[in-house]
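Take a look at the structure below.
Read the figures in this text as sums done on the coordinates, not as results from a lab. What you see is a predicted model; the values in this text were computed from it and never measured. Every residue, glycine among them, receives a Cβ derived from its backbone with ideal geometry; neighbour counts consider all protein chains shown.
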Amino acid sequence: MIPTSSYAAHAARARLAPYRFERREPREHDLVIEILFCGVCHSDLHTVRDEWGTGNYPIVPGHEIVGRVTRAGTGVSKFKPGDLVGVGCMVDSCRECANCKDDLEQFCLKGATFTYAGKDRQDGTPTQGGYSTQIVVDEAFVLRISDKLDPAAVAPLLCAGITTYSPLKHWKVGKGSKVGVIGLGGLGHMALKLAHAFGAQVVQFTTSPSKREDALRLGADEVVLSNDPEQMKLHAGSFDFILDTVSAPHDLNIYLQMLKRDGTMTLVGLPDTPPTINGGALIFGRHSLAGSLIGGIAETQEMLDFCAEHGIVSDIEKIRIQDINEAYERMLKSDVRYRFVIDMASLRE
Ligand code: NAP
Ligand code: ZN
Ligand code: ZN
């Protein structure tokens, strides 16, 4: 077994605190990965606060992992020690169902194995995430990372990047589309960069006036303060696609009314209370309301390669693991520019 240091939530709503546990010895197709950086996703916070009823503590969060392969099982063919690699939100799936066969492992009909708060398919042990010194993962769920980009700034692509890339692709956002992005946080700023890179006209909605200049720098053609009713009226009936990345309850109907005829609004943010939908906001204009969950492994690799080619990374603030609880407090106040990334060297001191 491999002794591992980490930070974990020992109970619902508890502050994260040091935790030592053991990772398995590598199986035939496993890689042992020394974790260099791990991004801090709002899903980590929802889970630690038990807002989604995940339970089963202690939980080591973290699913935006970049590290180096230190050992490889005897049957590993795609990677070797020394390779720079990434691990996102999933570490396994059944690999046999129709969705797995379609490279959509996140929708595995038997349930994908998530990187933390999941259960290993072979031995039933709890999966533990990236706020830790190393992780052991089957090579089929490991991504190749270009060494052209800053590895710390690449880490958030493993969740925030793919979660926004996948719906933008699925709903065919590109030249000629008018796209709205709601919320300028970790997911929102990646959506903005990617939609801009795809050639769309992008309007950023934010509740934070102080983020206006950043939004323009990150690729927005226009910025709308969503708590100003006058500004909100200007875009009525004009969007082909809107991506909602907000982590807290808010009114969806006002945005549904901003869609063009046949336009789609897709939720990726998952607040703890369900929204109230006004049927009229869908019916008038034949609007669609949809959702999207991360992306499959093949699409995640495609996104990483796209980002390497176009020089796209996350705007990050590096933190030490010892500062994680303060980082969560700031995240709750929408005070992140635009992703915290833990430098895991701080856990090895
Ligand atoms: P984040 O960095 O905290 O960003 C959330 C943003 O939402 C904030 O920066 C803020 O933007 C806006 N916001 C916060 N409270 C608000 C309120 N009361 N009203 C309106 N806007 C508010 O979070 P994140 O890591 O991007 O994650 C966002 C959500 O996506 C979370 O619910 C997370 O669990 C979920 N998620 C889903 C998937 C998936 O696969 N579907 C994957 C990852 C994460 P402004 O300051 O610009 O208003
Ligand atoms: Zn995430
Ligand atoms: Zn499956």
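Details
- Proximal lysines relative to residue 101, as straight alpha-carbon distance under 19 Å, when same-chain residues fewer than 8 apart are discounted: 110
- Whole-angstrom Cα spans of the chain along principal axes, big to small: 60, 40, 37
- Note on residue 103 and residue 25: their simple-model spin labels are 3.6 nm apart, each label 7 Å out from Cα toward Cβ.
- Peptides 70-76, 298-304, 119-125 ordered by average Cβ neighbours within 10 Å, highest first: 298-304, 70-76, 119-125
- Semi-axis lengths, Å, the stretch 161-291, gyration tensor of Cα atoms, sqrt of 5 times eigenvalues: 19, 16, 15
- The stretch 287-327: translational diffusion in µm²/s, Stokes-Einstein, Kirkwood Rh over Cα pairs, 25 °C, 0.890 mPa s: 180
- The chain - mean residue ellipticity at 222 nm from DSSP helices (-39,500 (n - 2.57) per run, n ≥ 4, rounded to 500): -6000 deg cm²/dmol
- Sites residue 12 and residue 216 - FRET efficiency at Förster radius 51 Å, r taken between beta-carbons, to 0.05: 0.80
- Measuring nothing but how far apart in sequence close Cα pairs (under 8 Å, 6+ apart) lie, relative to its length, the chain scores a relative contact order of 18 percent.
- Per-residue packing, averaged as other Cβ atoms within 10 Å, sorts the ranges 266-273, 126-133, 27-34, 10-17 into the order 126-133, 27-34, 266-273, 10-17, beginning with the highest.
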